[in-house]
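A.B. asks: Pasting in a structure now, in structure tokens, and then I'll have a few things to ask.
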Amino acid sequence: MQQNKKTFTVEEATRKLENYCAYQERCHKEVQDKLKGMDMIPEAIDVIVVHLLNHNFLNEERFAKAFARGKFNTKKWGRRRLIMELKKKNISKVNLETALKEIDPEDYIETFNDLAEKRANAILESNKQKKKKKLADYLLYRGWESHLVYDKVNELMK
């Protein structure tokens, strides 16, 4: 059984990727993966990526800032998780640091405290040690720094 996979000219692929990048911020890796999925050859991928960069459809710093702000505000991710996820997307160290500056330090601590308190109240566990572990695991998974997590767990679970 043969699949009829659509082939694209460089111009068609360029238009398609312009729309893809205009819809939401993208990183280089996402764009290259999308083009590879469209069976574009490496030379065409390079031409299209350069076009997107030159016409400001693709901007890694802008992507990193938007990603960090969005994941912090909606998913309540801590710095460690943000760094890990941005590294997975091959974001440079400079852009990574710039992205983390988007988060206000006061908002960061306030969000952490709110999240920890809400989660502590939601954990239905009578054993104090198990409750502490569940809260710590939850906060660490979300990427909050361990010194913050353990201080807060001990503060909340006296």
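A.B. asks: Among the residues of the range 2-51, what is the count of those that are of a type in the set (D, E, K, R) and under 24 Å from the mean Cα position of the chain (by Cα)? Write out each step before concluding.
C.D. replies: The first filter runs over the range 2-51 and keeps only residues of a type in the set (D, E, K, R), leaving 5-6, 11-12, 15-16, 18, 25-26, 29-30, 33-34, 36, 39, 43, 46.
Of the ones still in play, those that are also under 24 Å from the mean Cα position of the chain (by Cα) are 16, 18, 25-26, 29-30, 33-34, 36.
Counting residues in the range 2-51 that are of a type in the set (D, E, K, R) and under 24 Å from the mean Cα position of the chain (by Cα) gives 9.
A.B. asks: While we're here: Has the range 86-102 got at least one residue that is under 23 Å from Asn19 (Cα atoms) and surrounded by fewer than 16 Cβ atoms within 10 Å (Cβ to Cβ)?
C.D. replies: Checking the range 86-102: at least one residue is under 23 Å from Asn19 (Cα atoms) and surrounded by fewer than 16 Cβ atoms within 10 Å (Cβ to Cβ).
A.B. asks: Then there is this: Inspect all residues belonging to the range 114-131 and state whether any of them is surrounded by fewer than 17 Cβ atoms within 10 Å (Cβ to Cβ), touching a Gly at 6+ places or on another chain (Cβ under 9 Å) and at pLDDT 95 or above.
C.D. replies: Looking for residues that are surrounded by fewer than 17 Cβ atoms within 10 Å (Cβ to Cβ), touching a Gly at 6+ places or on another chain (Cβ under 9 Å) and at pLDDT 95 or above, one finds none in the range 114-131, hence no.
A.B. asks: Moving on. Of all residues in the range 25-42, count the ones that are touching a residue at least 40 places away in the same chain (Cβ under 8 Å) and in a loop (DSSP other than H, G, I, E, B).
C.D. replies: Of the residues in that region, 2 qualify.
A.B. asks: Give the residues of the range 61-120 that are more than 30 Å from Lys131 (Cα to Cα) and among the aromatic types (Phe, Trp, Tyr), sorted by residue number.
C.D. replies: Phe63, Phe67
A.B. asks: Also: Among the residues of the range 134-158 satisfying the criterion of being over 23 Å from the mean Cα position of the chain (by Cα), of a type in the set (D, E, K, R) and part of a helix (DSSP H, G or I), which is surrounded by the most Cβ atoms within 10 Å (Cβ to Cβ)? Lay out the reasoning, then the answer.
C.D. replies: Going residue by residue through the range 134-158, those that are over 23 Å from the mean Cα position of the chain (by Cα) are 134, 150-158.
When the remaining residues are screened for being of a type in the set (D, E, K, R), the result is 134, 151-152, 155, 158.
When the remaining residues are screened for being part of a helix (DSSP H, G or I), the result is 134, 151-152, 155.
Values: Lys134: 18, Asp151: 12, Lys152: 20, Glu155: 12.
Looking at the filtered set, the residue picked out is Lys152.
The values are calculated or read from the model by the stated rules, or taken from the named source; none is laboratory data. Small disclaimer: the values here were computed from a predicted structure and weren't measured. Here Cβ is always computed from backbone atoms with ideal geometry, including for glycine, and neighbour counts include all displayed protein chains.
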